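**Q** Structure in structure tokens, see below.
The values are calculated or read from the model by the stated rules, or taken from the named source; none is laboratory data. Keep in mind that this is a model prediction, so the values were computed, not measured. Ideal geometry is used to build each Cβ from the backbone, glycine not excepted, and the neighbour counts take in all protein chains shown.
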Amino acid sequence: MARRTPEEAEQTRKTLLETALALYAEHGIYSVSLKRIAAESGVTHGAVYWHFKSRDDLVLSLKEHYTLPFAEHYFEHLQAIDQNALKALKNLLIDIVTQIEANTHYHQIYTLFHKRSCELSQVPHLEPLLQQDWQTWTDYINKFLKQARKQKQLSKSTKEQPYAELLLCLIFGLLDSSHYQPKPADRKTLIRQSVQRALDGLRH
């Protein structure tokens, strides 16, 4: 049997990651065996252990390989921060929620690492990575709030850091509610109204 090329090995790894992400997001990590991941990836059970030492190693590799689209939208909307910080922040939050809901991989990432996060508490070294994500994302939001403060768009009683965390919770809450309001038109209205009302509260 011919030795596999580095390109073929990398493709196998990518396939295993994609399969594991889909299965773990749908069923949870404790309901899916590595043997099932191998079978649905079209490779041998041994191939999984060639790329990953264990289930925990596979989960950590998923975390390293996949991320939610906060950074790309942050830098996109950062360009408009000097004109109107709260408007730029509104568009940032709406775009993040909309893209995560529309993109299968992003929605699976959110489901596995955030909606099912309680199942991951025993995975070594994962919790600090999730905490770092939370801090980075609140820092992104905080950047817009600080600029809004300079533009006198915030009330004197508004504290940027707690409100940044509240807005991040709003994002997660909207994503969780997608199961209860599936109609696309209704979703767009709900997302826009929820974000707008949250930001209106900053002015009072």
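**Q** Identify the single condition in (1) touching a residue at least 12 places away in the same chain (Cβ under 8 Å); (2) farther than 23 Å from Leu190 by Cβ; (3) in a helix (DSSP H, G or I); (4) of a type outside the set (Gly, Ala, Ser) that Asp57 does not satisfy, given that it satisfies every other one.
**A** Among (1) touching a residue at least 12 places away in the same chain (Cβ under 8 Å); (2) farther than 23 Å from Leu190 by Cβ; (3) in a helix (DSSP H, G or I); (4) of a type outside the set (Gly, Ala, Ser), the lone unmet condition for Asp57 is (1).
**Q** May I pose another question? Would you be able to tell me the number of residues in the stretch 13-28 that are surrounded by 19 or more Cβ atoms within 10 Å (Cβ to Cβ) and either outside the structural domain of Asp56 (by TED's automatic domain parsing) or hydroxyl-bearing (Ser, Thr, Tyr) (or both)?
**A** Selection size over the stretch 13-28: 2.
Results for (1) assigned to a loop (DSSP other than H, G, I, E, B); (2) in contact with a Phe, Trp or Tyr (Cβ under 7 Å, 6 or more places away or on another chain); (3) under 29 Å from Ala148 (Cα atoms); (4) not small (Gly, Ala, Ser), shown as yes or no for each residue.
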{"position": "Leu62", "(1), (2), (3), (4)": "no, no, no, yes"}
{"position": "Leu68", "(1), (2), (3), (4)": "yes, yes, yes, yes"}
{"position": "Val97", "(1), (2), (3), (4)": "no, no, yes, yes"}
{"position": "Ile109", "(1), (2), (3), (4)": "no, yes, no, yes"}
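**Q** Continuing with the same structure: Kindly indicate whether Ala164 is modelled with pLDDT of 95 or more and of a type in the set (Gly, Ala, Ser).
**A** yes
Conditions tested, residue by residue: (1) closer than 22 Å to Leu60 by Cα; (2) modelled with pLDDT of 95 or more.
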position	(1), (2)
Ala85	no, yes
Leu89	no, yes
Lys115	yes, no
Glu119	yes, no
Leu126	yes, yes
Trp137	yes, yes
Ile141	no, yes
Leu145	no, yes
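**Q** On to the next question. Has the stretch 46-59 got at least one residue that is out of contact with any Pro (no Cβ under 7 Å at 6 or more places or on another chain), within 18 Å of Ile100 (Cα to Cα), of a type outside the set (Asp, Glu) and not assigned by TED's automatic domain parsing to the domain that holds Leu112?
**A** No, because not a single residue in the stretch 46-59 is out of contact with any Pro (no Cβ under 7 Å at 6 or more places or on another chain), within 18 Å of Ile100 (Cα to Cα), of a type outside the set (Asp, Glu) and not assigned by TED's automatic domain parsing to the domain that holds Leu112.
**Q** Please go through the stretch 120-145 and give me each residue that is out of contact with any Leu (no Cβ under 9 Å at 6 or more places or on another chain) and more than 30 Å from Tyr30 (Cβ to Cβ), ordered by number.
**A** Filtering the stretch 120-145 down to residues out of contact with any Leu (no Cβ under 9 Å at 6 or more places or on another chain) leaves 121-122, 128, 131-132, 135-136, 139, 142.
Those that are out of contact with any Leu (no Cβ under 9 Å at 6 or more places or on another chain) and more than 30 Å from Tyr30 (Cβ to Cβ): Asp139, Asn142.
**Q** Also, quick follow-up: In the stretch 29-46, which residues are surrounded by 15 or more Cβ atoms within 10 Å (Cβ to Cβ) and in contact (Cβ under 8 Å) with a residue 60 or more places away in the chain?
**A** Ile29
**Q** Step by step: first the residues of the stretch 136-177, then only those that are among the small types (Gly, Ala, Ser) and closer than 17 Å to Lys115 by Cα, then the one that is surrounded by the fewest Cβ atoms within 10 Å (Cβ to Cβ). Which residue is that?
**A** It comes out as Gly173.
**Q** Would a scan of the stretch 21-34 turn up a residue that is hydroxyl-bearing (Ser, Thr, Tyr) and farther than 21 Å from Thr104 by Cα?
**A** yes
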